[in-house]
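None of the figures in this text is laboratory data; all of them are computed from the coordinates on show. Owing to the predicted nature of the structure, the values given are computational and were not obtained by experimental measurement. Using ideal geometry, Cβ is built from the backbone for each residue, glycine included, and neighbour counts are taken over all protein chains shown.
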Amino acid sequence: MAAIGRVRASLRVFGDALEPEEVSALLGRPPTRQARKGEKIEGKNGGDAVEPTGAWILDSGLSEKVELEEHIEVLLGSLSNDSDEWESLTSRFSASVLCSLFLDQYNEGFELSPRVAQAVAERGIVLAFDIYSGDVDA
């Protein structure tokens, strides 16, 4: 099994009542991107769009060639470890680490250590995976 070709990871917190400044205060740092529900933004086609829900998103900022586990470690390591703060956050909002995996071949894989899996679970965060196939013949 070959390593994943490219990896991106981001912590995403969503909720209708989400105030980005509150999430930043709880987690101890500002996001990469943020929005409040109903905020007007530029749409993908250049027109105006409205945010359907509040969002607080933090990208790992690492190279896409770095292993997935390191992306997750960097994300979690840059944030508060306080279990009460995470409980407050995850009881009111949806929180997940989005792992985008871009395969160069049809058979690539990854592992997460028990330590990283436990760190994610202790915070009540969902791990979400978007996997993009490198098999152009499929």
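Assorted remarks:
- Three-way shape call for the stretch 34-107 based on the alpha-carbon gyration tensor, with the a/c threshold at 1.5: oblate
- Working note: Karplus 6.51/-1.76/1.60 with θ = phi - 60° gives the stretch 96-103 the couplings 8, 9, 8, 10, 9, 10, 10, 7 Hz, where Gly and Pro are set to x.
- Each residue of the stretch 104-121 was assigned a 3J(HN,Hα) from its phi angle through the Karplus curve 6.51 cos²θ - 1.76 cosθ + 1.60 (θ = phi - 60°); the sequence is 8, 10, 6, 10, 10, x, 8, 9, 10, 6, x, 4, 6, 4, 5, 4, 5, 5 Hz, with glycine and proline shown as x.
- Sequence of Lys37, Lys44, Lys65 once ranked by neighbouring C-beta atoms within 10 Å, starting from the fewest: Lys44, Lys65, Lys37
- For the stretch 2-132, the relative contact order comes to 35 percent (Cα pairs under 8 Å, sequence separation of at least 6).
- Near Leu62, no amide H atom lies under 5 Å from its own; only residues 5 or more places off or on other chains count, and H is placed 1.01 Å from N.
- The stretch between Asn45 and Arg6 holds 11.4 nm of extra length on full extension. This uses 0.36 nm per residue minus the Cα-Cα distance.
- Spin-label zone in the stretch 27-45 - amide nitrogen under 16 Å from a point set 7 Å from the Cα of Thr90 along the C-beta vector: 27
- Ellipticity estimate at 222 nm from DSSP helix runs (n ≥ 4, -39,500 (n - 2.57)) divided over the chain, nearest 500: -7500 deg cm²/dmol
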